[in-house]
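This report concerns only the one structure given below.
Bear in mind that the values in this text are calculations on the coordinates, not laboratory data. All of these numbers come straight from a predicted model, not from anything done at the bench.
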Amino acid sequence: MSGLLYLIPIALFLGLVGLGAFMWAMRSGQFDDLDGAAERILHDEEDDEDHADEPPSKTP
C-alpha cells in the first residue's frame, strides 16, 4: 500500500510530461503534413530530373 504513495505521483508526472511533449509537437508543426513524406517516397521522378546531368556516383 505504501508503494502507491510513490507510484501514483510518478505516473501523474510522467503523464504530464507526455502531454507536454505532445502539445509541444503540435505547436511546433510536427503533424502539419502527414501525407507529404508518404507521397515523396513514392514519387522520385523529380529527383531523377534534377541530377540527370551529373555522372553516376561510384560506390566503393
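Express in % the proportion of alpha carbon pairs of segment 4-47 at distances exceeding 11 Å. If you can, show how the numbers build up before the last one.
Numbers: 691 of 946 pairs.
Across segment 4-47, Cα pairs with separations above 11 Å total 73 percent.
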**Q.** J(HN,Hα) series, segment 21-29, from Karplus relation 6.51 cos²θ - 1.76 cosθ + 1.60, nearest Hz, glycine and proline x
**A.** 5, 5, 5, 4, 5, 5, 6, 8, x
